[in-house]
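First the structure, in the form of structure tokens, and then the observations on it.
The values are calculated or read from the model by the stated rules, or taken from the named source; none is laboratory data. Everything numeric here is computed off the predicted structure, so don't read it as measured data. Neighbour counts are summed over all protein chains in view; Cβ atoms, including those assigned to glycine, are modelled from backbone coordinates with ideal geometry. Accessible surface is based on the protein model in full, side chains and every heavy atom, while ligands, DNA and RNA are left aside. Shrake-Rupley method; radii C 1.70, N 1.55, O 1.52, S 1.80 Å.
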Amino acid sequence: MNSAETLRVDLGARSYDIVIGSGLLPDTGTYVAPFARSAGVVIVTDAAVAKLHLPTVQASLDQAGIAHHCVVVPAGEASKSFATFESVVEQVLALGIERSTLIIALGGGVIGDLAGYVAASLLRGLDFVQIPTTLLSQVDSSVGGKTGINSRSGKNLVGAFHQPRLVLADTAVLDTLPKREILAGYAEVAKYGLIDDPEFFSWLEENASAVIAKDGEERKQAVMRSCAAKARIVSQDERENGKRALLNLGHTFGHSFEAELGYDGRLLHGEAVAMGMVIAHDVCAAMGMAPAQDTTRIVAHLQNVGLPVRAAEISGVHWDVDRLISHMSRDKKVRDGQITFVMTRGIGKAFTSREMDVGKMRSAISRSCQNR
Ligand code: NAD
Ligand code: MG
């Protein structure tokens with residue numbers, strides 16, 4: 001077995017390990033054996049991941065003597081739908097499952113969210129293991145227990161908190177991931193530095209190119225530090241009554257761009273988050289609470305790695321600021337009719353507040369949208 005590191009998500013009876021390392025997939029059977037009982041496992045994955053990585057997982061389960069079935073859904077966000085949810089649920093039930101059947105989510109955030117929600121729903125809750133295969137899912141969505149699907153009214157509006165029993169993050173699996181997807185995941189990595197770890201952000205300024213380029217020590221470090229940050233925040237606030245909201249840094253703005261484009265692939269979530277984090281820092285600088293040089297530094301870093309930093313960079317789109325703002329008020333972060341914003345006093349100093357200067361916010365969004 002390759003050298004792997006283990007982090008713990010502390011949630012009392014729902015605690016679990018995150019195992020991070022290069023080349024873990026061929027040992028899947030060994031890692032999941034403690035959670036797989038005689039009823040066996042059902043792997044849920046998407047067609048793209050199935051082609052690349054499913055045989056490795058199946059061979060490993062065979063080797064460990066664990067009975068397994070597989071359900072494959074189309075790749076892409078459209079699979080987080082009622083229709084696909086129903087199809088997966090019926091296919092899994094048709095296999096004749098028991099309460100002790102283990103679900104394995106093998107894929108990116110789409111599969112993690114969908115399969116996790118299937119696990120949460122079937123027989124009122126089956127155990128599940130996350131095997132995230134995108135950078136975004138390794139550093140963010142596989143940890144924390146948020147599962148769900150999309151509705152006609154919006155993204156992630158139907159779901160449940162259901163913690164996995166184990167997260168297995170094999171950084172070697174990212175070698176087959178397109179560069180654009182790596183970069184999108186990288187935006188969430190940078191986010192952890194911006195929230196409360198300025199030293200990590202500085203480390204990323206030095207090491208981002210290695211993190212992005214290939215499976216190596218730097219990439220493993222970045223996944224570990226990101227997971228450690230997420231685990232720490234989730235342990236303190238599992239159901240997002242407070243601190244967990246910090247993970248939404250840049251997201252209220254980012255979601256408005258995504259909603260406007262209808263999740264059609266022109267803009268990946270991480271790209272929207274990169275643009276949103278810049279707006280969050282820009283507006284806080286304009287409000288006099290954060291140093292303007294920090295915004296400059298963030299823009300330079302995100303630009304260096306190849307992420308979009310302004311909405312105007314998305315070609316062929318004419319943004320309407322009023323429409324973007326109207327999307328924000330439909331965000332899940334609205335409570336008692338007011339939006340909770342993630343604000344900042346600078347790099348590594350994020351906090352939540354409802355005290356937003358709406359005029360300055362509008363100007364910051366306009367600056368992001370205007371061609372220069
Ligand atoms: P994704 O799951 O759609 O994966 C992106 C693409 O990469 C897909 O086409 C997929 O088939 C492909 N792919 C996956 N692994 C691959 C690999 N190793 N090699 C080659 N191709 C591979 O998208 P994502 O960015 O991983 O996740 C986005 C989803 O995650 C969104 O639906 C979002 O709402 C959700 N999310 C959830 C949470 C949470 O806390 N639950 C947090 C953040 C995001
Ligand atoms: Mg995100």
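Numerical summary
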read-out	value
Under Karplus coefficients 6.51, -1.76 and 1.60, residue-wise ³J(HN,Hα) of the stretch 306-319 in Hz, glycine/proline x	x, 8, x, 10, 10, 4, 4, 6, 7, 6, x, 10, 9, 7
Whole-Hz couplings from phi, Karplus 6.51/-1.76/1.60, listed for the stretch 46-55; x for Gly and Pro	9, 4, 5, 5, 4, 5, 8, 10, 4, x
Amide proton proximity set for GLY23, modelled H, under 5 Å, gap of 5+	THR171, ALA172, VAL173
Neighbour net charge for PRO34 - beta-carbon separation under 12 angstrom, K R +1, D E -1	0
Distance between the stretch 87-158 and the stretch 253-301 - C-alpha centres, whole angstrom	29
30 Å Cα-Cα threshold exceeded, pairs from LYS155/LYS243; LYS51/LYS214; LYS155/LYS360; LYS146/LYS360; LYS155/LYS349	LYS146/LYS360
Fully extended contour minus Cα-Cα distance, from SER363 to GLU206, at 0.36 nm per residue	53.3 nm
Alpha-carbon Rg/Rh ratio, for the stretch 4-176, with Rh computed the Kirkwood way	0.93
For the stretch 160-237, the spread of Cα positions along each principal axis, largest first, Å	33, 29, 20
Long-range amide H partners of VAL129 with built H, under 5 Å	ILE103, ILE104, ALA105, ARG165
Degrees separating the helix 109-121 axis from the principal Cα axis of the chain, which is the longest one	60
√(5λ) per eigenvalue of the Cα gyration tensor, the stretch 191-369, largest first, Å	24, 20, 16
Estimated vicinal HN-Hα couplings, Hz - the stretch 238-250 in sequence order (Karplus 6.51, -1.76, 1.60; Gly, Pro = x)	4, 9, 6, 8, x, 4, 4, 4, 4, 5, 8, 3, x
Carbon plus sulfur fraction of accessible area for the chain, probe 1.4 Å, in percent	48
Label point at VAL334 placed 7 Å out along Cα→Cβ; residues across the stretch 245-268 whose backbone nitrogen lies under 18 Å	251-262
